[in-house]
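Here's the structure, in structure tokens; my notes come after.
Laboratory data are not the source of any read-out in this text; all were calculated from the coordinates shown. A quick note: this is a predicted structure, and the numbers were derived from the prediction, not measured. Glycine gets a Cβ as well: all are built from the backbone with ideal geometry, and neighbour counts include every protein chain shown.
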């Protein structure tokens, strides 16, 4: 599906990966985040070669360093907003998880929605819970897969703003996968995919961080 | 962070995550409630029944221990009894002898059986009288309480005077029931109970009088009858007269043969209920796992390891399994309490219902374990759910695709097999039978699996393009990827196999018990019929319109020699061996056993033997062959226990002393005798011819329908042959049939409960796999399929699955039931064709209903909801 894809992303960057459907975006994201393993080649995440790790070691790495935001939110329907945010912290066995979770939810503006179930929240609110969950364990890198795909453009815009501000304030690297170029332009670097290959890798006007060449 | 703290976090996640699924999971796990409730109810009920039998058995015996001798006890034994009485053991004496009774007012005389009893008789059970409740007044004066037949034959009434020897007694009441008074062999006439304080006044028991001396003992709390019996037998085994000792436990033995069958059956019920529970849990949890794919994928993305995921759901399953098992235990206790109540028309209400903590604890433990181990198998596949599912959803079947070599799954599978064997062992009580059950289960599963595979293959070739689309679609569902053919055929077929086997065994057992009730045909026995009286008694019986059930010649004899060695020599050997062993510190009985010596008691006793051409219905040849008509040399068949007491084997020569004549015989068979049948049974049976010249008496068994006719016949025989005595067996039979009907009711009830519970389990087992079909149906609907079309697709698939699964199960069950009847219950089997066909049809119907219900659900859901879920 992917061939000859080589690039590096620096700490703190805000990168968008764009391309038409079927271009290999999702496959690339799965590989970068260690959800899947490549048939050839390697992926290094924060200095670790994740292609050499087994499934459970990759899970632990995700728990420690990676955050996720999905197009379909992927909140656990049986848990409240607060509890959804707590899950990654609890999986790591941290203490005071409820303090941290409510902090993060405050930051995404959901301080008054802590005990709501996903079905009781609007799409935008659900995605904000997902973002809070992704940032709860202070990830080194956050992957967002079409985070605005299921939202109207206003709400979508606010979600991207939120991602930007969290990127700025916490210094987490953000990798945004989208087919929406308007959205992608808000990133400082855009990697374009087509038919499984990188066709361009440009810095945008809002360039602030470092970049790498393919 | 410590492992403990980590685990606590997982507990928290498990608890929260289960929030909405709790009810569903509990529903699945409640399948195990069935198993646990059956287990608890059965074990508690069996406990209660055997307790009641134990109590009843005490009543039949009258005390914890009974001592019996043909003569006054030795001084040693008498001293022991006196000292026991002083130290708190209840002692009650019964002296039984034959005497002529005379009623002066009518002038009637009759040979009666006098029982002089001391005041505390009996310790257990109650002697009922007519008028009621006067038994305890017996000791308040010179009173007698007599068998009603005595009043008839002597033409006497209550209040009349009865003379026994030189003493006069006022007849206080008649006897309705004396528990356990089944001394058939000693019975020589109507019973007359008198207080033993008046025994001397009768002047009847002079030196040398033939009487039986019995003593009932009621042990104080600290002393077990068995221990006492052991010590007594050591000290008094060579005493003269020999005192024969029986304990309650020994007495129970005869009664418990039917109860044993019940135990075997209930063991199978428990096993079936647990297996059904296992199926329910496994298929329910399988469906549950399918619903959890998305959540697990997210958890994996968020950094949960496969182990953590597994722990979260195992915790949930364990908690729900525990709740399910507890509910089952509570239900089982309720059943146990309801049982005697439900059966009050059948049962004499004397089954004491008490909580049986051991049964409850065992039921809980086994239930939780089975729930967990059967849930673990489907839960294991949660480990394989990839976090990629969050980005790209595959079909459930692909997600769950099994890894080729999964060691954890193999360990769990092995644990399931081991658990099934262990449970079979627990229920069957012996290894051989447990292996038999396990192999039968394995064979059934193997057959069903093969059936399913063959069906898948056949379905692929079967469908013709000319057939309507809906039928082809339904049949194609049987072999397409992600098909449910194997799981449904297995769950349904195995469930039907279990339930139908149970049903057929139940039917066969009931039929057999019916037979047993009917076969206890004779209710009146005439004893001491002399050779020259036999024809006369026979013609009286015939002319009063009754039939002789059995006529047994009785020849008294003693053993003269075994294999050419005289009894005196054999006894001397035994004595010296025992003495030597005792000097070495081994007790008498064990010493004898160790030295392989013959029992002195058996060598000395008098045998009342018979001869006949065919074995009686109450006996079964164990080894050797029954007499062949062509071989007229003297031969004997020896009862099993006697053969081992005497250490005689097939081919040995036993020489008998038959009233002075020596008759050497060859042992050609050993027999097992059902003593509980209350027919004249014999330790030693001769072939016809050997004893025909010997002086003998006859016992004649008759079946007489009503009590009035019994009395009339007794009186008619006694008028002509005063020496002939008779015994009315109706009361004894009544006791026996009470026990049997208890057994019958319990069997019926437990089988019914298990069947009633099995159906919902099967329902959920079949329904568990329908999610994929639901999704597919919705897709078809969005593509324009009508309700009718979707319904027909489901109908085609589920009807085939249901018909094949239940037919396979039913066919297997005929084999299973046949094997159970043959090898476990050791009796004949006749298949119940019609009910079994009904079961197969019913289960097919059940599968169709589930299919159609799924089709309906397709139309209740909006296409979007189902597609989004996909």
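Can you give the FRET efficiency to the nearest 0.05 for residue B:649 and residue B:422, using r as the Cβ-Cβ distance and R₀ = 60 Å? Walk me through the intermediate numbers first.
Numbers: r = 39 Å, r/R0 = 0.65.
Efficiency computed from Cβ-Cβ geometry: 0.95.
Can you tell me the FRET efficiency between residue B:234 and residue B:720 if r is taken as the Cβ-Cβ distance and R0 is 56 Å, rounded to the nearest 0.05?
Here the calculated transfer efficiency is 0.65.
Whole number please: convex hull volume per residue of the Cα set in chain A, in Å³?
Working: hull volume 24.9 nm³, N = 214.
Spread over its residues, the Cα hull of chain A gives 116 Å³ apiece.
According to the Kirkwood expression over distinct Cα-Cα pairs, how big is the hydrodynamic radius of segment A:29-125, in Å?
Every distinct Cα pair counted, the radius reaches 15.1 Å.
Mind giving me the FRET efficiency for residue B:657 and residue B:74? R0 is 35 Å, r the Cβ-Cβ distance, nearest 0.05 is fine.
0.85
Using 0.36 nm per residue of separation minus the Cα-Cα distance, give me the extension gain between residue B:511 and residue B:626 in nm, one decimal.
The span from residue B:511 to residue B:626 would gain 38.6 nm if fully extended.
Express in nm, to one decimal, how much length is gained between residue B:467 and residue B:158 on full extension, taking 0.36 nm for each residue of separation and deducting their alpha carbon distance.
So the extension gain works out to 102.3 nm.
Spin-label point model (7 Å from Cα, Cβ direction): what's the residue B:787 to residue A:154 distance in nm?
4.1
For segment A:81-145, what class follows from the C-alpha gyration tensor (a ≥ b ≥ c being the square roots of its eigenvalues): rounded when a/c is under 1.5, otherwise prolate if a/b is larger than b/c, else oblate?
In terms of gyration-tensor shape, oblate.
What number, in nm² with one decimal, is the all-direction average of the projected area of the convex hull of the alpha-carbon atoms of segment B:103-159?
4.4
Between residue A:204 and residue A:98, 0.36 nm times their residue separation minus their Cα-Cα distance comes to what?
Here the segment from residue A:204 to residue A:98 would lengthen by 34.3 nm.
How many nm separate the modelled label positions at residue A:7 and residue B:22, each set 7 Å beyond the Cα in the direction of the Cβ?
4.8
Using only the Cα atoms of segment A:1-74, build the gyration tensor, take square roots of its eigenvalues as a ≥ b ≥ c, and label the shape rounded, prolate or oblate: rounded if a/c is under 1.5, else prolate if a/b is larger than b/c, else oblate. Provide the component values of the computation, followed by the final result.
Details: a/c = 1.37, a/b = 1.18, b/c = 1.16.
Taking the square roots of the gyration eigenvalues as a ≥ b ≥ c, segment A:1-74 is rounded.
Based on alpha-carbon atoms only, what is the radius of gyration of segment B:61-253 relative to the globular estimate 2.2 N^0.38 Å?
1.05
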